[in-house]
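Inspection log for the structure reproduced underneath, given as structure tokens.
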Amino acid sequence: MPEIHNEVSGTVHGAIIQAQTVAVTTSNSHRRPVWMVPEPGRAPVDRPGVADRLAALVRSGAPVVGVVGAGGFGKTTLAAQVCHRVRDRFPGGVLWLTLGEHVPDPLLADKVNDLTEVLTGRRPALTDPLTAGHRLGEVLAEAPPTLLVVDDLWAASRLAPFLRARACLVTTRTPGALPSDAEVVIVTAMSAVESRTLLTRGLPDMAATDRLLRLTGRWPLLLALVNSTIRRSVADGSTAAAAADSVAEQLLEDGPDCLDLDSADRRDQAVRATVEASTDRLGDADRDRFRELVVFPADTDLPGAVLHVLWRGTAGSDESRTRALCRRLVDLSLLSRVGDAFRLHDVLLAYLRNAVGARRLTELNGHLVDGLVPADWAEAAPYARRHLAAHAAAAHRVDELLTDPGYLLAAGQPGLLPHLDAATGADAVRAAAVYRRAAHHLRDHDVEQRPAYLEFAARRAGADDLAARTARHATGSAWRCSWTAWEPSVEHKVLIRHQRPVEDVVVAPLRGGVTWVISRDDSGVVRVVDLDTNETVQPPWLDRDERVGAIACVPRLGAGPLVLLDAGSGLRVRDCATGDPVPWDVDEPDAGVAQIVSTRARAAIVTYTDGTARTWDADTGARIGPTAALRLDAGADWRVAAATLNDDVPAVAVMGSRHSVIRVMDLAAGTPVRQGFDAVMAAPEALVCTRRTVLALSRNQVLRWSLSPGEVIGARANPTGRRPTALITGDLADGREVVLSGDEAGQICVWDADTGAPLAEPLAAHGDEVGALSCARLADGRVVVASGSADNTVRLWDTRDVLAPSTRAVAGPVGVTGVVAAAGWRVSGHADGRVRFWSGAETEVAGPAPVVEVTRAGEFAVSLHEDGSLLVFDGDGRVGAPAARPWAGRATSVTGTLLDGRPVVVITGTANLLEARALPDWEPLWRLRPPGRLRVAPVDGAELLAATTSAGYLQVRDLATGRVVGDQIAIQCHNPTTALATLVHPDGGVLAVSGNARGQVVAWRLGDHNAPVWMSGDAGDPVRAVVCAVLPGGTPVAVTAGTALRAWRLDEPVAAPWTPTCEIDLDAPITALAAPTPGELLVGTRHGLARLHLRDPAGEPAV
């Protein structure tokens, strides 16, 4: 059975489809009343007694009124009747929402968002039900009095999002699902008069009814089914009396003689007998078609076209026969009509589940898969986009969907992500991994750009067939990828990209199995992602565009977690899911918040810039202990590096960097844990408290102290040799406590908490420093780690994959530091010193030190290494004689070009080095020592150099002599330059484009002493490289590299600020660029190489 229940299809969801009239406007003060009450297919029987009581309670102003009764007792019909009666009491109108038995949190949030969208015209991006309910409550509070109807509630947790409504009418078969203070109306069997009215509707000659009233128990659902069966028999020529006797005999044979309405088993027997009495009016074929509806979820709008797909597949039905059968099933009360769609009552679905075996159910799902796959996924029906993965999983046919890029691009992520693990074949398993890797891009980017990201992810995974088929969908993309050579990586998920380095990450398990990952970057921007749906969330405790200085989540006993944050106005304590304020005994100093630290034992520690700390019990909000003074002495740096709870004592490890002192404080007492316990460690970088010890980590050492009696109990060398930048504790699935660290190189390491020994080789997790880590156990038992980095990304890792030894195999290009390319060949330099040649037979040469830069001069490639050495290669990778050392200083940059057709390189470096040499023999051409260090870029075909100086000038130099030509341009506003490139513009002028460490990009016209032609704002993303090119359609562009690629048009009118026309996120910091042919880019990153193709904005495709 597919794992979809009570969902709704289409671009309009849930209760909106049920609506008879919906008016939407963005202003509450001027909007028309909304009316979402479903209209019955036929006139309902009036039930004055119970309807009067219910209407009076709704009018009384009771916040929650419940209608309780067994399935099929007419609760929904009664609620709809009462809505008409009390319409004048609610000038805002009536909202209507149908739930059902199986409503997971993402779907419930979606339904709540539907209602908010109806009222405001704007759809919230909320994936947690309580958060969505909080927003709905805010909207209803501002609207005229509006009645909210929640139909078919099964569990109290599903009602929680709606309890902020001022008036809520709830139908349920479970009294315990209602709040204890709710007003309740019990709906039982119809009265004899009401039952007779329903039973004889449309049958004026039917007189004898007592027997059928007794056999049906005056149950409205059964009465309607019996009435429909008798009417069909009369239409076929039978008398009403004879038809009534026939139905009665079947009820006597298959059902109880006297229906016990309090017995679920007897109700099921009665349903079976009554349904079969109704289906006996159908032929064998139509009866089979009705049973086939078991493949659909209950209480879900089913478009007629989808029913036709099923029946066409199982019986070859044409559209007219499908319409006729739908009408007949509606006439027999076996289906209900809702607008242009149909619904199957969950009572009837339960009957069908018992009537259809597992093998047949698999076959039915297979028919749906066959029929719902469109010729063109761009034209796919909403139902297929949303539900096809569930049907395919139930039919054991997910593989064929996952290898279809059209489907991957069209599918709704909440419907597809839960079924990726159903893949079995090698290609499908690889495609599932590709989809997981690209999911955040498919969520965050425009439809036109998604094929490019899916193709790139497929190239990285080695799924070349999937990539080639995806490329056919990329006709509107601004770019595409035709080749990659990528370092293998552990399976993980990129959750989101910030615009700035990430400083805080929190994995927050909420109630109901929902898990959020909350992250904050160094500019204070907070982003939230729902792990189940991969959707971004706007949390209710944070205003849009609000900047946060510190944030943490603290667990509570028997309740959802709290979020603690400081947005510049003091500590804010909120329920993480609902945003409700939580009263705490907050007595803050005048100083600002420095850190917020959560302990595993439900305590929160807040440190302040005056060197004090305060601790609170998260369950009660009460203070724990006095204010603690953390400052070690008047001048020492300090920070809270770790926190835990040992023997009911919250302890904080405090590090003073000036004296390398580590002190453990008992915050309940406000004093050190043990007087005189000050551990000394050379250059401690990170600290954490485990359950029994304090663990300190530096670049070279791992030390452990016992909390009691405060002695060093272990010391070992740090095998990574890298500066730790983040340190946390966590528990694996088997209960073992571990320590997780992140370092300056972007690696994550897992350590044994008891011994301080590493448990696995370091994981290459990010392309830059790891700034934050968080570990949590999910509802499914998995233990995950979220990591945030200076590469601006937040990633999620399964600890099983992090610890698996097979994931540490190193292959492929490690840490690309430079690239050059020309027609027919590509060369890359790497952080391990290798220079690799990717043309023809791939070769590599081991250099003397890590490669800093690679350049091209004619038919030669030149590599510069960290030790200042220079190597020259021909196009086949043969190595020439190394360069003699420059006459002064150490080379830090090398640029290749041609002088009179002869290949030359221009070398800059320390001690103001500037010299030119001819290749391949390194013949010196000229040597200069200008004031200040330079960054240079040749001008193609002009034998000129553009140069920027450390003094803040842009110069033009003669390539033949190195001398300055003309006057230099002052560019102090753009100093220091981190990347420089030139372009001969189609208009004949020469442009110089520079980037700096602030992420600012500026284009200057050489020879023009006026202001720059174009200037961007500060992006906060340092520019590591820049190239200029003219695209196939003639558009000149500059492309800059940082944490993302950005393309800047060089033919647009001057605008302030200058903005990129295209931004490409390769999930890794970009370190090198080359533009060998028009529109082609060779891109080097910290994790590999990619060959990209840019689409010309003038209309030329990216090919």
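Each reported figure results from applying straightforward, stated rules to the coordinates on display, with no laboratory input. Bear in mind the structure is a predicted one, so any value in this text is a computation, not a measurement. Neighbour counts run over all protein chains shown; Cβ positions are idealised from the backbone, glycine included.
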Loop-located trypsin sites (Lys or Arg not before Pro) in the stretch 438-498 whose Cβ has at most 16 other Cβ within 10 Å (DSSP)
Arg472
Residue-averaged 222 nm ellipticity for the chain, from DSSP H runs of 4+ at -39500 (n - 2.57), nearest 500:
-7000 deg cm²/dmol
Could you give the dipole magnitude of the stretch 438-512 about its Cα centre, charging the beta-carbon of Lys and Arg +1 and that of Asp and Glu -1, in debye to the nearest 20?
160
Global geometry of the stretch 134-199, whether rounded, prolate or oblate, following the gyration tensor of its Cα atoms and the 1.5 cut on a/c
prolate
Taking Lys and Arg as +1 and Asp and Glu as -1, residues besides Ala937 with C-beta under 15 Å from its C-beta add up to +2
Helix 48-59 vs. the chain, principal-axis angle (Cα, 0 to 90°, nearest 10)
30
Divide the volume of the convex hull of the Cα atoms of the stretch 15-186 by its number of residues and quote the answer in cubic angstrom per residue.
103
Order the peptides 861-869, 554-562 from the highest to the lowest mean number of other Cβ atoms within 10 Å of their residues.
861-869, 554-562
Counting only DSSP beta bridges with both residues in the chain, what percent are antiparallel, rounded to the nearest 5?
90
Please identify every one of the GluC sites (Glu not before Pro) in the stretch 442-501 that sits in a loop by DSSP and has no more than 14 other beta carbons within 10 Å of its own beta carbon.
Glu491
Other residues with Cβ under 11 Å from the Cβ of Leu54 give, with Lys and Arg +1 and Asp and Glu -1, a net charge of +3
How many times 2.2 N^0.38 Å is the alpha carbon radius of gyration of the chain?
1.12
Distance between Cα centroids, the stretch 568-625 to the stretch 432-492: provide it in whole Å.
43
First select every other residue whose beta carbon is under 13 angstrom from the beta carbon of Asn700; then total the charges, Lys and Arg +1, Asp and Glu -1.
+2
When only C-alpha pairs under 8 Å and at least 6 residues apart count, what is the relative contact order of the chain, in percent?
6
Just need log10 I(q)/I(0) for the stretch 866-925 at q = 0.25 Å⁻¹, Debye formula, equal scatterers on the alpha-carbon atoms, no solvent, rounded to two decimals.
-1.10
In degrees rounded to 10, the 0-90 angle between helix 426-444 Cα long axis and the longest Cα principal axis of the chain is 80
